Amino acid sequence: MHELVENYKPDVLWSDGDWEAPDTYWNATEFLAWLYNDSPVKDSIVVNDRWGINIPCKHGDFYTCTDRYNPGILQPHKWENAMTIDKHSWGFRRNAKLSEYYTTAELISELASTVSCGGNLLMNVGPTKDGIISPIFEERLLQMGEWLSINGEAIYGTKPWTVQNDTLTWGVWYTSKGSTVYAIVLHWTWYDNPLPLSAPLKLFKDPNTQWSVSDAVYIKFPDKSTVKSEWAWVLKNTI
């Protein structure tokens, strides 16, 4: 560990495999004391919480708690959702079925709910023994990148809003940046079936969106063929 830090000077040190023994066995306290006080990255390093039995979710710059940790509500401490595209494994499985991989829509849903609650998403890819990323992983990563190229403003540099998800409509998560609030909508609503929300929002990058207020805000989506985004859609409101 000292060699890794001294030679590569990482920004984040992500420890794992801690469950076999307490932190005293791993000499975690002594190592972290050196890391924060005397190492070449002492002023910038960030570490997770996997440094021994009973340490996860208690000590660390950010908590991972368990694999696929996604509480769905705002947390008092910075946290990370460490998950895999393969629903059952961190590595590559030759016999995995298509149904055992998360779809792009499911991955975007995981991203939206995580970021809305103040978390960071760590999305793992299991390469082959030769270090090759298989086509199914490549497709998911490219499609995530495609979605973020259009809607990344609602993810990057954002913070949780006053509320994390909409109380009127399932599958709507909120993020914020300065005076702007974003609603990430996980399901498309057709023009003749307006989407009810708890805040007045305009469709991101589409000035033709129609909305009205009564007991809630009802947003009419445009013709789906005119919208570039797939899988999930972002609404933007500047307060």
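Every read-out reported here was derived from the displayed coordinates using simple, explicitly stated rules and does not represent laboratory data. Not measured: the values here are computed from a predicted model. In this analysis, Cβ positions are derived from the backbone assuming ideal geometry, glycine residues included, and neighbour counts consider all displayed protein chains.
For the options LYS220, LYS58, LYS42, a Gaussian network treatment of the chain with springs between C-alpha atoms closer than 10 Å singles out LYS42 as fluctuating the most. Each DSSP beta bridge with both residues in the chain is either parallel or antiparallel, and the antiparallel ones are about 75%.
One chain, two ends: SER225 and ASP67. Fully extended at 0.36 nm per residue, the span grows by 53.1 nm beyond their Cα-Cα distance. By the Cβ distance rule (another cysteine Cβ under 4.7 Å), the unpaired cysteines of the chain are CYS117. Over the C-alpha atoms of the chain, the Rg to Rh ratio, Rh being the Kirkwood estimate, stands at 1.03. Amide H contacts of ASN124: MET83, THR84, ILE85, each under 5 Å away and 5 or more positions distant or on a separate chain (H built 1.01 Å from N in the peptide plane; Pro and chain starts excluded).
With a Förster radius of 30 Å, plug the Cβ-Cβ distance of MET1 and ASN120 into 1/(1 + (r/R0)^6) and report the FRET value to the nearest 0.05. All intermediate terms of the calculation are to be shown ahead of the outcome.
Details: r = 22 Å, r/R0 = 0.74.
Efficiency, rounded to the nearest 0.05: 0.85.
For segment 8-150, a Kirkwood hydrodynamic radius built from all Cα pairs, placed in the Stokes-Einstein relation at 37 °C and 0.692 mPa s, yields a translational diffusion coefficient of 194 µm²/s. Got a sec? Which residues in segment 120-143 would a label at ARG93 touch, if it sits 7 Å along Cα→Cβ and we count backbone N under 13 Å? 126, by backbone N distance to the label point. Separation of segment 14-53 from segment 116-160 is 27 Å, based on Cα centroids. Bridgeable aspartates and glutamates around LYS9 (alpha carbons under 20 Å apart, same-chain partners fewer than 8 residues away excluded): GLU30, ASP38, ASP43, ASP49, ASP61.
What percent does the relative contact order of segment 17-105 come to when contacts are Cα pairs within less than 8 Å and at least six residues apart? In percent, rounded to a whole number, it is 19.
How much length, in nm to one decimal, is gained on full extension between TYR8 and ASP43, taken as 0.36 nm per residue of separation minus their Cα-Cα distance? Before the final figure, lay out the partial values.
Working: separation 35, 0.36 × 35 = 12.60 nm, distance 1.51 nm.
Contour length minus Cα-Cα distance gives 11.1 nm.
Rounded to the nearest Hz, the phi-derived 3J(HN,Hα) couplings of segment 38-53 under the Karplus curve 6.51 cos²θ - 1.76 cosθ + 1.60 (θ = phi - 60°) are 10, 6, x, 10, 4, 8, 9, 5, 10, 10, 8, 10, 9, 10, x, 4, where x marks glycine and proline. Can you figure out the FRET efficiency of GLU138 with THR29, using R₀ = 35 Å and their beta-carbon distance, to the nearest 0.05? Taking R0 as 35 Å, the efficiency between GLU138 and THR29 is 0.25.
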